[in-house]
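Novice: After the structure tokens below, expect a handful of questions from me.
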């Protein structure tokens, strides 16, 4: 079952995944408001008590959760919060297979990983998982091989995946765009340098804050392969943001910060 991308926060069932910007130079895909801890509620967890056909045909019928990111991301560190209900910690995932895809059809295996059992505490801070080391993917698929003992149900509370680079282009994964922002951090004037043969013409842009709220929009005309445009962002408060460019050829985003 696909999980669409949104910028709101909600329980991480099979129907949701979320975009959260970290207070650093990276983004993160996350499913919780407080990335350092998780509560003990059943309502804030994914659980599968019946096997179903896996999106990857090689896996057959299994317990699985699929994160459809709706764009291609370069991915980094994964953090797992295993199932944290103190009465059923043994439903938490143990060994899992991590698959990934650029199109949601053809799947490649990243490998297997073993998760620790959760603590059952309301201050449970999760555990670092594998580092995907720049792996590019539009879909992440986690298939349960085993849990910590209660084989009637398989459950997971939260997952967060660091995004190193965002290149949103679901129709053409070969879109070649090189974009840099300088100075970064900026005190107000941000220079956008774009190198692309495909991304030409009118470019719309959005600046979003950590909550996913659009704080500035506009457009400019890119008329050459190598192009630089300056944005006046002096009205923004100190903090972390990201800039998204939107064209007919595809979208691309980059994080930046404002320090005055």
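The values are calculated or read from the model by the stated rules, or taken from the named source; none is laboratory data. Source: prediction; values computed, not measured. Here Cβ is always computed from backbone atoms with ideal geometry, including for glycine, and neighbour counts include all displayed protein chains.
Novice: Answer yes if at least one residue in the range 80-94 is surrounded by fewer than 16 Cβ atoms within 10 Å (Cβ to Cβ) and farther than 25 Å from residue 59 by Cα, and no otherwise.
Specialist: Kept after step one, since they are surrounded by fewer than 16 Cβ atoms within 10 Å (Cβ to Cβ), are these residues of the range 80-94: 86-87.
Narrowing further to those that are farther than 25 Å from residue 59 by Cα: 86-87.
Looking through the range 80-94, at least one residue is surrounded by fewer than 16 Cβ atoms within 10 Å (Cβ to Cβ) and farther than 25 Å from residue 59 by Cα.
Novice: Could you please find all residues in the range 100-145 being under 15 Å from the mean Cα position of the chain (by Cα) and buried (at least 18 other Cβ atoms within 10 Å of the Cβ)? Walk me through it before giving the result.
Specialist: Step one: filter the range 100-145 for residues under 15 Å from the mean Cα position of the chain (by Cα), giving 100-102, 129-142.
Result: 100, 101, 129, 132, 135, 137, 138, 139, 140, 141, 142.
Novice: Which residue out of 165, 171 is within 19 Å of the chain's Cα centre (by Cα), at pLDDT below 80 and assigned to a strand (DSSP E or B)? Quick ask: steps written out before the conclusion?
Specialist: Values: 171 fails: assigned to a strand (DSSP E or B).
Answer to the check: 165.
Novice: Filter the range 146-158 down to the residues that are farther than 15 Å from residue 114 by Cβ and buried (at least 21 other Cβ atoms within 10 Å of the Cβ), then identify the one that is modelled with the highest pLDDT. Break it down stepwise before answering.
Specialist: First, the residues of the range 146-158 that are farther than 15 Å from residue 114 by Cβ: 150-153, 155, 157-158.
From what's left, buried (at least 21 other Cβ atoms within 10 Å of the Cβ): 155, 157-158.
Values: 155: 92, 157: 88, 158: 83.
Restricting to residues being farther than 15 Å from residue 114 by Cβ and buried (at least 21 other Cβ atoms within 10 Å of the Cβ), the top hit is 155.
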